[in-house]
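J.: One structure coming up, written as structure tokens, with questions to follow.
The values are calculated or read from the model by the stated rules, or taken from the named source; none is laboratory data. Nothing here was measured: the structure is a model prediction, and the numbers come from that model. Positions of Cβ are generated from backbone atoms using ideal geometry, with glycine treated the same way; all protein chains shown enter the neighbour counts. Calculation scope for accessible area: heavy atoms of the full protein, side chains included, ligands and nucleic acids excluded. Shrake-Rupley method; radii C 1.70, N 1.55, O 1.52, S 1.80 Å.
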There are 2 protein chains.
Amino acid sequence: MQRGTFELMKSVNKSIILNKIRTSAPISRAQIAKETKLTPPTVSSIVKELIEQEIVRESSLGESKGGRKPTMLLINSDAFYVIGVDAGPENVACVLADLSGKIYERNSSRLELPITNEQFIEILKGNIHKLLQSLTTIKDKIIGIGVAMHGVVDVEEGTSLIAPNLNLRNIPIKAELEQEFNLVVNVENDARAMALGESWFGGHGEVDSMVAVNIGRGVGSGVVVNGKLYHGAQDIAGEFGHMTVDINGPECSCGNRGCLQAFVSGSAIVKKAKTNIQSAPDSLTGEEIYKSAHAGDGAYIEILEYTGQIIGIGLTNLIHLINPEKIVLGGGVMKSEKFILPFIKQTIDQMALTPEAKLTEVTVTSLGDDATLLGAVSLLLVELFDPVI
Amino acid sequence: MQRGTFELMKSVNKSIILNKIRTSAPISRAQIAKETKLTPPTVSSIVKELIEQEIVRESSLGESKGGRKPTMLLINSDAFYVIGVDAGPENVACVLADLSGKIYERNSSRLELPITNEQFIEILKGNIHKLLQSLTTIKDKIIGIGVAMHGVVDVEEGTSLIAPNLNLRNIPIKAELEQEFNLVVNVENDARAMALGESWFGGHGEVDSMVAVNIGRGVGSGVVVNGKLYHGAQDIAGEFGHMTVDINGPECSCGNRGCLQAFVSGSAIVKKAKTNIQSAPDSLTGEEIYKSAHAGDGAYIEILEYTGQIIGIGLTNLIHLINPEKIVLGGGVMKSEKFILPFIKQTIDQMALTPEAKLTEVTVTSLGDDATLLGAVSLLLVELFDPVI
DNA sequence: CCCAATTTAGTTAAATTAATTAAGTTGGTA
DNA sequence: TACCAACTTAATTAATTTAACTAAATTGGG
């Protein structure tokens, strides 16, 4: 229960101004005041603080509109840096990025199974150390580490509760990394991190609600409402992949029948292709399906189109429940966007109940393979840009 | 974008104190200060205002804990009254209630089809006038009218966009009633109103997220997060009834296949019973199914149990997406709670992915047939108790 | 072309709001 | 009487707002 204090009042306004600058830079103090309804002195005093903190800087003068020229403000992107980690089921990728999401350095390691908690942590530490060594000059400008971890995560504790493909449990990521690097560490589920990253770096402007869905090895999702991740009562919201869409459908790894994931995950698609297409080799991969479809093989195209339809059904269910402003899709399966996306849209258009639901904007992430990594980065930016206590 | 102002600061604290009194009355100023972390002078000054506004009153002195006896505070329930309207597809029910949800007067009218917008509005006006006449002494203590309307509602405008069973569109409920009675009028979808009512009057304490599901003629739902209704980007969140759970399932009135509603709405259950049970009469009603099951007829019991399983699947999907703290069920179908609820719980327990999801509390509304009416009442109480601007 | 009027940008200082801190007062128990 | 909890009052503080100001540009009339 957040009390009404002076601190709250100020942090709310600080956050409003900072986000206005972030989404509308370059922008003048006067323009901020006009758009946010804050008074000019309030804007000036908070901007002054932000400049002192080096989060914001003045740039050139803007064009006059019949009076004194405005001083334009920008986020001082390279004043601070953040380390982002994407800890997937197969590899760990790390980046060093600035406040604008620009990546300066990166590396990654494959995870060899079997693996222990200690080995996993060691790989994380090793890769982060490598990043730090490569750019020693900015070492003291790094404000923290964001980790996007697959599986179920306890955000408060910063531990990975269940990491399915690695077959690990209770990895104290936050504790270990904070001790090693003496930096703030935030850990979050990968799909949720991707959702946050998309809302920060996806160029969506000031969107009020957005869902990001990652379709790859598994199917995960994250919900962003008013710029913040929605976690649910017990931190487990967004398990979109195990939504039942067919009570008599194929068996899923979770034991239930007809989960979305049992239809549209990478392995589910490969399985379906092998079953339906006689000529399919036993070693068939998702990438090969995409290539065959691209080469014009009708049988493979059909598989992908069917995948699009099922995803469309799942998304229609999601739209009817959550009614987000936008849905952004990412993950390996969406590499076949060309074949899948039109069928997703068509299905939503057919099934949605109301005109509003039909109009929900569905796109593929513009951040490509870095969507989750930038999500990891954004896990820390939230602390800097949304200092609502 | 809500600015940080003194008004915000104060209204936040006012709301915190008011809700603390509401959920923990009788409670002393000192106790409020302790539990909310607000300072004693802040609590005293706000309480003073609330007493002047007659929303709160002092009651007896409490027990001393080694010092001066505390003055206990209560919501001054009968200082203000609210009119609640449940405008369903078949009838319109109205109540006059106080701030504690106690109902003082009620009436209802059946809706005869076909009906026009004007006739519908006239019935609403007539019933509300009747309520007002019966208790003229408190007329000037009425603060407003809350309308829980079935179908799709535009909350901002207070119009019913689509009223399916009445076959009406664009009914300007708010505008008409405000003009007629010169009172604040809030209009909301019925399932959402029920959700809000449940969170206010259901005795759940300070629950942070809750979903209410109404299963009757149709299947609707409302989501309450942090004491507020979640509307979604275009006011259409919560269309739980048209969640696809079986892509090859029975056809639904919306045109899609396998919507939850096509399995578990009152008419869907009757239809299934008629198909499955040879001896079922053509005139079979939902009530008769309940009675037969209650009398021990295995065939009917099975129908209800199956209904419970399908609802369970739908709720599992909902839990995985939204992860609410509690789920409350209402509506005509839930009259057969005895047969349905155990199977809902069993299904969730079987299908839920994580231990947390399995533990989601699922109950039937304790408010009975008045759940939606009290929801309509709560539509106005929010304005009084949550004056966050 | 010059200069006064106007417009826009931003700052400063006083007024205001409402919380907090510190120091009572009240009314009880042991 | 000592002490303690439950308030209240007065002074302090933080932060916004109002109003008045400085700064710098455009506009348009003579």
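J.: In terms of the Cα gyration tensor, with a ≥ b ≥ c the square roots of its eigenvalues, is the stretch A:328-389 rounded because a/c is under 1.5, prolate because a/b exceeds b/c, or oblate?
T.: Working: a/c = 4.90, a/b = 1.61, b/c = 3.04.
It is oblate, given that a/c is not under 1.5 and a/b is not larger than b/c.
J.: Still on this structure, I have one more. Which three extents, in whole angstrom, do the alpha-carbon atoms of chain A cover along their principal axes, largest first?
T.: The Cα atoms of chain A stretch 73, 52, 44 Å along their principal axes.
J.: Using a label point 7 angstrom from Cα along Cα-to-C-beta, what distances in nm, from shortest up, separate A:Y104 from the other copies?
T.: 6.9
J.: Report the FRET efficiency, 1/(1 + (r/R0)^6), for B:K102 and B:K228, where r is their Cβ-Cβ distance and R0 is 25 Å, rounded to 0.05. Mind showing how you got there, number by number?
T.: On the way: r = 24 Å, r/R0 = 0.95.
According to the calculation, E is roughly 0.55.
J.: Farthest toward the dipole's positive end in chain B, which of B:P387, B:G66, B:L341, given Cβ charges of +1 (Lys, Arg) and -1 (Asp, Glu) about the Cα centre?
T.: Of the listed residues, the answer is B:G66.
J.: Looking at chain A as a GNM with Cα springs under 10 Å, which of A:L341, A:L38, A:L304 has the largest mean-square fluctuation?
T.: A:L38
J.: May I pose another question? Between A:A299 and A:T5, what length in nm is gained on full extension when 0.36 nm per residue of separation is reduced by their alpha carbon distance?
T.: 99.5 nm
J.: To continue, here is another question. About the Cα centre of the protein assembly as shown, how large is the charge dipole given +1 on each Lys and Arg Cβ and -1 on each Asp and Glu Cβ? Please answer in debye to the nearest 20.
T.: I would put it at about 1360 debye.
J.: Could you give the nm distance between label points at A:I143 and A:E156, where each point is 7 Å from its Cα heading toward the beta carbon?
T.: Going from the A:I143 label point to the A:E156 one covers 2.5 nm.
J.: How large is the translational diffusion coefficient of the stretch A:206-365 in µm² per second when you combine the Kirkwood radius over alpha carbon pairs with Stokes-Einstein at 25 °C and 0.890 mPa s?
T.: This corresponds to a translational diffusion coefficient of 153 µm²/s.
J.: Continuing with this model, one more query. Among A:K14/A:K34; A:K48/A:K228; B:K20/B:K228; B:K14/B:K141, which pairs are too far apart, with a Cα-Cα distance over 24 Å? Each step should come with its number before you reach the end.
T.: Values: A:K14/A:K34 15 Å; A:K48/A:K228 26 Å; B:K20/B:K228 16 Å; B:K14/B:K141 21 Å.
Beyond 24 Å between Cα atoms: A:K48/A:K228.
J.: Once amide H atoms are placed 1.01 Å from N in the peptide plane, what residues at a sequence separation of 5 or more from A:I142, or on another chain, have their amide H within under 5 Å of its amide H?
T.: Hits under the 5 Å cutoff: A:Y81.
J.: Evaluate the charge dipole of the stretch A:6-75 about its Cα centre and quote only its size in Debye, nearest 20, assuming +1 on the Cβ of each Lys and Arg and -1 on the Cβ of each Asp and Glu.
T.: 260
J.: Here is a further query. Applying the Karplus parametrisation 6.51 cos²θ - 1.76 cosθ + 1.60 with θ = phi - 60° to the phi angles of the stretch B:90-102, what ³J(HN,Hα) value in whole Hz is obtained for each residue in order, glycine and proline being reported as x?
T.: 10, 8, 10, 10, 10, 9, 10, 10, 9, 5, 8, x, 6
J.: Here's another thing I want to ask about it. How large is the charge dipole for the stretch A:206-365, taken about the Cα centre, if only the Cβ atoms of Lys, Arg (+1) and Asp, Glu (-1) carry charge, to the nearest 20 debye? Write out the running numbers ahead of the final one.
T.: Numbers: 12 positive and 17 negative charges, 48 e Å.
For the stretch A:206-365, the charge dipole is close to 240 debye.
J.: Of the cross-linked pairs A:K125/A:K291; B:K65/B:K139; A:K10/A:K335; B:K37/B:K326, which ones have a Cα-Cα span greater than 32 Å in the structure shown?
T.: A:K125/A:K291; B:K65/B:K139; A:K10/A:K335
J.: Could you work out the mean count of beta carbons from other protein chains within 10 Å of each residue's beta carbon in A:225-235?
T.: Averaged over the peptide's residues, the number is 5.
J.: Please give the calculated 222 nm ellipticity per residue for chain A, where each DSSP H segment of at least 4 residues contributes -39500 (n - 2.57) and the sum is spread over every residue; nearest 500 deg cm²/dmol? Don't jump to the answer; show the numbers that get you there.
T.: Values: 13 runs with 162 residues, N = 389.
It comes out at -13000 deg cm²/dmol, rounded to the nearest 500.
J.: Under a point spin-label approximation (7 Å from Cα along Cα-to-Cβ), what is the A:K291-B:L359 distance to one decimal in nm?
T.: 4.9
J.: Provide the per residue accessible area, probe 1.4 Å, for the stretch B:166-240, rounded to a whole number of square angstrom.
T.: 35
J.: Mind listing the long-range amide H neighbours of B:V185? Cut-off is under 5 Å, sequence gap 5 or more, other chains count too, H placed in the peptide plane at 1.01 Å from N.
T.: Long-range HN contacts for B:V185: B:I145.
J.: Skipping prolines and chain starts, which residues have an amide H placed within reach, meaning under 5 Å, of the one on B:Y104, given they are 5 or more residues away or on another chain?
T.: The answer is B:L96, B:A97, B:D98.
J.: Once the label point is set 7 Å along the Cα-to-beta-carbon vector, what list of distances in nm do you get between B:Q2 and its counterparts in the other copies?
T.: 0.9
J.: If r is the Cβ-Cβ distance from A:E206 to B:E112 and R0 is 41 Å, what FRET efficiency results, to the nearest 0.05?
T.: Details: r = 48 Å, r/R0 = 1.18.
Computed FRET efficiency for A:E206 and B:E112 comes out at 0.25.
J.: How far is A:S253 from the same spot in each other copy, in nm, shortest first, if each label point sits 7 Å from Cα toward Cβ?
T.: 4.1
J.: Using only the alpha-carbon atoms, what does the protein assembly as shown span along each of its principal axes? Please give whole angstrom values in decreasing order.
T.: 81, 71, 65
J.: Whole-Hz Karplus ³J(HN,Hα) for the stretch B:221-228, in order, using 6.51 cos²θ - 1.76 cosθ + 1.60 and θ = phi - 60°, x for Gly and Pro?
T.: Each residue's phi maps through the Karplus curve to give 8, x, 10, 10, 10, 6, x, 10 Hz.
J.: Using Cα springs under 10 Å in a Gaussian network model of chain A, which residue among A:V56, A:V264, A:V82 shows the largest mean-square fluctuation?
T.: It is A:V56.
J.: Here's another thing I want to ask about it. Can you compute the label reach from B:L61? Point 7 Å from Cα along the Cβ direction, backbone N cut-off under 15 Å, restricted to the stretch B:3-36.
T.: Counting only backbone N, you get B:28-29.
J.: Given A:N226, A:T244, B:G368, which one lies farthest toward the positive end of the charge dipole of the protein assembly as shown, if we put +1 on the Cβ of every Lys and Arg and -1 on the Cβ of every Asp and Glu?
T.: Value computed over the given set: A:N226.
J.: Determine the sum of side-chain charges near A:E118: Lys and Arg each +1, Asp and Glu each -1, restricted to other residues whose C-beta is under 12 angstrom from that of A:E118.
T.: With Lys, Arg at +1 and Asp, Glu at -1, the neighbours total -1.
J.: In Å², nearest 100, what accessible area do chains B and A bury in total when the solvent probe is 1.4 Å?
T.: Heavy-atom accessible area buried at this interface is about 4800 Å².
J.: Distance from the Cα centre of the stretch B:259-277 to that of the stretch B:55-113, in angstrom?
T.: 38
J.: Dividing the alpha-carbon radius of gyration of the stretch A:171-251 by 2.2 N^0.38 Å (N being the number of residues), what value is obtained?
T.: Computed over Cα atoms of the stretch A:171-251, the ratio equals 1.32.
J.: Would you kindly derive the ³J(HN,Hα) couplings of the stretch B:10-18 from the backbone phi angles with the Karplus curve 6.51 cos²θ - 1.76 cosθ + 1.60 (θ = phi - 60°), listing them in order in whole Hz, with x for Gly and Pro?
T.: Once θ is set to phi - 60°, the couplings for the stretch B:10-18 become 5, 5, 4, 5, 4, 5, 4, 5, 4 Hz.
J.: Also: Where is the GNM fluctuation largest for chain B (alpha-carbon springs, 10 angstrom cutoff): B:S279, B:S109, B:S378?
T.: Greatest mean-square fluctuation among the candidates belongs to B:S279.
J.: So what are the radius of gyration and Dmax for the Cα set of the stretch B:6-75, in Å?
T.: 11.5, 37
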